[in-house]
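**Student:** Below is one structure. I have some questions about it.
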Amino acid sequence: MRIIVVENYDEMSKKAALMIASQVMLKPDSVLGLATGDTPSGMYKELINLYGKKEVDFKEVRTFNLDEYYGLDRENSQSYYKYMMTNLFDNININTENINMPDGMAKDVNAFCDLYENKIKTLGGIDMQVLGIGGNGHIGFNEPNVNFEAQTHLVELDEQTIEANSRFFESIEDVPVKAISMGIKTIMNSKKIILLANGLNKADAIERAVKGKINPSIPASILQLHNDVTIIIDKDAASKL
Ligand code: GLP
């Protein structure tokens with residue numbers, strides 16, 4: 001694991017955006033794995049800036065998102081689909097046919113998950129996967145006591161996650177209790193991984209993921225076994241290392 005500690009959120013976002021831009025420069029048809037949440041939104045802004053300056057071109061890029069709430073329509077303001085369109089895709093020259101997101105309304109969830117996995121494999125696997133981390137150490141929506149062998153699947157959200165994500169909804173009852181998420185195996189099969197974290201509320205999870213034993217109770221700890229992980233964190237998130 002390479003750990004890069006930066007001053008603040010802006011610096012974290014800029015470094016991560018530069019890593020993605022470099023990946024796309026080296027391989028214009030890169031397969032990117034993308035994350036949602038507050039953490040990567042600054043990185044997406046930077047990527048839009050770089051695109052505006054013609055420093056990166058998304059014309060051939062393919063993307064797969066990590067996760068989506070189960071039972072939320074794409075058009076719901078809290079769907080990760082909406083998040084991605086607003087925070088990135090509507091503002092760059094990506095071909096909409098190259099965007100892949102879990103379908104929160106899939107009727108046959110298992111069939112959908114198999115299809116998602118197969119499409120990732122057919123395109124040659126994920127070249128660079130971006131991750132945030134939950135306060136409980138989750139990656140994607142792979143909650144504590146995760147099965148490290150799982151691929152894309154339907155997950156039940158942890159109470160702590162429902163609580164944390166209720167900030168985006170009118171009330172906690174509105175937060176979906178399930179999601180479709182890439183599994184740990186899907187994530188670990190990515191060629192390169194960048195994990196971003198900022199703020200004191202992530203310091204515990206980062207310490208346990210990076211320095212603790214590899215343990216399903218901290219899903220992110222499995223990343224210690226991946227051979228190309230870069231962790232970009234601000235001083236606060238790094239405060240317990
Ligand atoms: C969410 C997402 C994760 C994200 C994490 C942290 O529930 N499923 O992919 O990394 O929780 O979110 P945030 O960046 O808003 O702190």
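**Student:** If you check Gln151 against the conditions, is it surrounded by fewer than 22 Cβ atoms within 10 Å (Cβ to Cβ), of a type in the set (S, T, N, Q), within 17 Å of the chain's Cα centre (by Cα) and more than 9 Å from the ligand (Cβ to nearest atom)? Step through it out loud before you land on a result.
**Tutor:** Values: surrounded by fewer than 22 Cβ atoms within 10 Å (Cβ to Cβ): yes; of a type in the set (S, T, N, Q): yes; within 17 Å of the chain's Cα centre (by Cα): yes; more than 9 Å from the ligand (Cβ to nearest atom): yes.
Criteria met by Gln151.
**Student:** Restricting to helices (runs of 4 or more DSSP H) lying wholly in segment 110-220: which have 2 or more residues that are of a type in the set (Asp, Glu)?
**Tutor:** Working: elements: 159-165, 184-188, 203-211.
Where helices (runs of 4 or more DSSP H) fall fully within segment 110-220 and carry at least 2 residues being of a type in the set (Asp, Glu), they are 159-165, 203-211.
**Student:** Could you list all residues from segment 24-36 that are under 23 Å from Ile139 (Cβ atoms), away from the ligand (no atom under 14 Å from the Cβ) and outside any loop (DSSP other than H, G, I, E, B)?
**Tutor:** Residues of segment 24-36 under 23 Å from Ile139 (Cβ atoms): 24, 30-36.
This time we only want the ones that are away from the ligand (no atom under 14 Å from the Cβ), so: 24, 30-32.
Correct list: Val24, Val31, Leu32.
**Student:** If Pro144 satisfies all but one of (1) more than 24 Å from Asn227 (Cα to Cα); (2) touching a helix residue (DSSP H, G or I) at 6+ places or on another chain (Cβ under 7 Å), what's the number of the condition it fails?
**Tutor:** (1)
**Student:** Looking only at segment 72-106, which residues are out of contact with any Phe, Trp or Tyr (no Cβ under 6 Å at 6 or more places or on another chain), within 13 Å of the ligand (Cβ to nearest atom) and either over 16 Å from Phe168 (Cα atoms) or charged (D, E, K, R) (or both)?
**Tutor:** Selection gives Pro102 alone.
**Student:** With respect to Ile194, determine if the residue is at pLDDT 95 or above and surrounded by 22 or more Cβ atoms within 10 Å (Cβ to Cβ).
**Tutor:** Criteria met by Ile194.
**Student:** Could you count how many residues in segment 37-71 are within 16 Å of the ligand (Cβ to nearest atom), part of a loop (DSSP other than H, G, I, E, B) and surrounded by fewer than 20 Cβ atoms within 10 Å (Cβ to Cβ)?
**Tutor:** Adding up the residues that qualify gives 3.
The values are calculated or read from the model by the stated rules, or taken from the named source; none is laboratory data. Treat the numbers as computed from the prediction; the structure is a model and nothing was measured. Counting neighbours? That spans all protein chains shown, and the Cβs are built from the backbone with ideal geometry, glycine included.
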